[in-house]
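Sharing a structure here in structure tokens format.
The values are calculated or read from the model by the stated rules, or taken from the named source; none is laboratory data. Just so it is clear, the model here is predicted, and its values are computed rather than measured. Here Cβ is always computed from backbone atoms with ideal geometry, including for glycine, and neighbour counts include all displayed protein chains. Accessible surface areas use protein heavy atoms only, side chains included; no ligands, DNA or RNA. Shrake-Rupley method; radii C 1.70, N 1.55, O 1.52, S 1.80 Å.
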Amino acid sequence: MEPFAFSRATDAATAVKAAAAASTAQQGAEVRFVAGGTTLLDLMKLDVERPRQVVDINRLPLAEVESLPDGGLKIGALVRNADLAHHPLVKRDYAVLSQALLSGASAQLRNMATTGGNLLQRTRCVYFRDTGAPCNKREPGSGCAAIHGFNRTMAILGTSEHCIATHPSDMSVALVALEARVAIRGARGERVVPAGEFFLLPGDTPHRENVLEPGDLVTHVILPPPHPGARSHYLKLRDRASYEFALASAAVVLAVEDGRIAHARVALGGVGTRPWRSPEAEQALQGRPASSETFAAASQAALRDAKPQSQNGFKVELARRCLARALTTVAAA
Ligand SMILES: Cc1cc2nc3c(=O)[nH]c(=O)nc-3n(C[C@H](O)[C@H](O)[C@H](O)COP(=O)(O)OP(=O)(O)OC[C@H]3O[C@@H](n4cnc5c(N)ncnc54)[C@H](O)[C@@H]3O)c2cc1C
Ligand code: SF4
């Protein structure tokens, strides 16, 4: 059995250097960061994740939420989900983010889970978590047990013949609708990536879930200033009222002027292989009257390209209704 190493990093440069020694990228890498541990340790216990070295990043100075001069917000990667959800500026200016965070997991988990860890949580596909089943995401080239298996909770947007796993994060759906950016520090310096481009489609490489390279540390999430006059909302539909992942969810940001939609941003959760921004829905909303007919048209547009599997056809109509209701709620607020 391979020797296992655990270390604590006290500065970002040491953490990045340690992780850059891995020959593979963050997902499935031999050297992994641990933050709250609520995904990584679970998967290590299941033998799904087998890092050779784990670097604890909890002592890095990345646990602050700071206002930016332009009116935006800079959120450290180690800000706990509970602290972020209850932050007064998040509740006031980015309600969709607060609501998305509070709809996820349980109070205890939200006290541990971090902003960076939430972005990088892995799919809840049952076959991914079962080392006895073929899974291209866990073992590239082994096959996908879900396509002809239990696929009720799987994705209907962005799937490929190699993987149909749903992206599980609620927070990330809100971040995509808010047009957040992800700040990354790596072996070759710092860069900032729009949240919508941070997550990759499965294609024929479902084991690569995001743009991180070996050594890359997510340091912050940056929110742009709130759009003038806009309101936002997150609606999550699931099998039970708490402690459950989304079957369908909608994050919407809407500004209405003189009865017409002046600004619309839409993202869906529970139905996509990544947090699913819908330019189709946004186009169907822009400049239109804020009416039930417009919201129904936007919901149809958002699901136009859905490809359901044998057990999850119900998600198409569920997601349409979820989006229409979220839009109705925010327009009436
Ligand atoms: C029972 C249960 C129910 C849940 N329900 C929901 C739900 O309804 N909705 C939802 O959205 N989530 C849910 N979750 C998932 C939960 O939100 C995540 O487990 C949590 O957000 C992960 O954060 P963490 O800090 O604990 O991550 P960790 O487990 O510490 O890390 C997760 C991954 O991110 C990497 N990582 C962490 N920080 C960084 C960083 N700064 N830079 C680079 N890599 C990093 C780690 O290496 C690891 O790969 C649930 C989890 C459980 C266990
Ligand atoms: S859907 Fe993706 S994660 Fe699930 S078994 Fe198939 S390849 Fe693995």
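Can you flag which of 74/315; 236/307; 91/307 are past 32 Å Cα-Cα?
The pairs that break the limit, which is 32 Å between Cα atoms, are 74/315; 91/307.
Under 18 Å from the 7 Å Cα→Cβ point of residue 314, by amide nitrogen: which residues of region 138-159?
149-157
Please find the FRET efficiency linking residue 139 to residue 307, where r is the Cβ-Cβ separation and R0 is fixed at 30 Å, and quote it to the nearest 0.05.
Computed FRET efficiency for residue 139 and residue 307: 0.80.
How far is helix 292-302 tilted off the main Cα axis of the chain, in degrees rounded to 10, range 0 to 90?
30 degrees
Quick one: with all protein chains in place, what share of the accessible area of the chain is carbon or sulfur, to the nearest percent (1.4 Å probe)?
Percent of accessible area from carbon and sulfur atoms in the chain: 51.
Same structure, new question: Can you send over the solvent-accessible area of residue 50, 1.4 Å probe, protein chains only, in Å² to the nearest 10?
So the heavy atoms of residue 50 present about 150 Å² to solvent.
Explain nothing, just the number: dipole magnitude of the chain about its Cα centre with +1 on each Lys and Arg Cβ and -1 on each Asp and Glu Cβ, in debye rounded to the nearest 20.
440 debye
Using r as the Cβ-Cβ distance of residue 283 and residue 41, and R0 as 35 Å, what FRET efficiency do you calculate, to the nearest 0.05?
So the FRET efficiency works out to roughly 0.25.
Name the long-range amide H neighbours of residue 56: under 5 Å, sequence gap of 5 or more, or other chain; modelled H, no Pro or chain starts.
7, 8, 9, 34
So, one more: Let me make sure I get this right: for the chain, a, b and c are the square roots of the gyration tensor eigenvalues over alpha carbons, sorted descending. Under 1.5 in a/c it's rounded, otherwise prolate if a/b > b/c, else oblate. Which is it?
oblate
Rounded to the nearest 0.05, what FRET efficiency do residue 4 and residue 67 have when you use their Cβ-Cβ distance and R0 = 56 Å? Before the final figure, lay out each step's value.
Working: r = 41 Å, r/R0 = 0.74.
Efficiency, rounded to the nearest 0.05: 0.85.
Give me the number: length gained by fully extending residue 74 to residue 58, i.e. 0.36 nm times residue separation minus the C-alpha to C-alpha distance, one decimal in nm.
Contour length minus the Cα-Cα distance gives 4.0 nm.
Shape call for region 76-127 from the C-alpha gyration tensor, a ≥ b ≥ c root eigenvalues: rounded (a/c under 1.5), prolate (a/b greater than b/c) or oblate?
Prolate, because a/c is 1.5 or more and a/b exceeds b/c.
Can you show me the helix-derived [θ] at 222 nm for the chain, built from DSSP H runs with n ≥ 4 at -39,500 (n - 2.57) apiece and divided by the number of residues, rounded to the nearest 500.
-7500 deg cm²/dmol
Please work out the average accessible area per residue across region 228-333, using the 1.4 Å probe convention, and give it in Å². Write down the numbers at each step before the final one.
Details: 4910 Å² over 106 residues.
So region 228-333 comes to 46 Å² accessible per residue, rounded to a whole number.
Assign unit charges at the C-beta atoms only (+1 for Lys and Arg, -1 for Asp and Glu), then state the dipole size of region 166-245 relative to its Cα centre in Debye, rounded to the nearest 20.
It works out to roughly 240 debye.
Based on the alpha-carbon gyration tensor of region 158-214 and its eigenvalue square roots a ≥ b ≥ c, which shape applies: rounded if a/c is under 1.5, prolate if not and a/b is larger than b/c, or oblate? Each step should come with its number before you reach the end.
Values: a/c = 2.76, a/b = 1.30, b/c = 2.12.
Here region 158-214 falls in the oblate category.
Here's a follow-up. Between residue 291 and residue 241, what is 0.36 nm times their sequence separation minus the Cα-Cα distance? Round to one decimal in nm.
Length gained, residue 291 through residue 241: 15.2 nm.
Also, I was wondering about something else. Projected onto the charge dipole of region 1-156 (+1 at Lys/Arg Cβ, -1 at Asp/Glu Cβ, origin at the Cα centre), which of 14, 107, 125 gives the Cα projection farthest towards the positive end?
After comparing all options, I get 125.
Can you find, among 310, 298, 36, the residue sitting farthest towards the positive end of the charge dipole of the chain, where Lys and Arg contribute +1 and Asp and Glu -1 at Cβ?
So the residue we want is 310.
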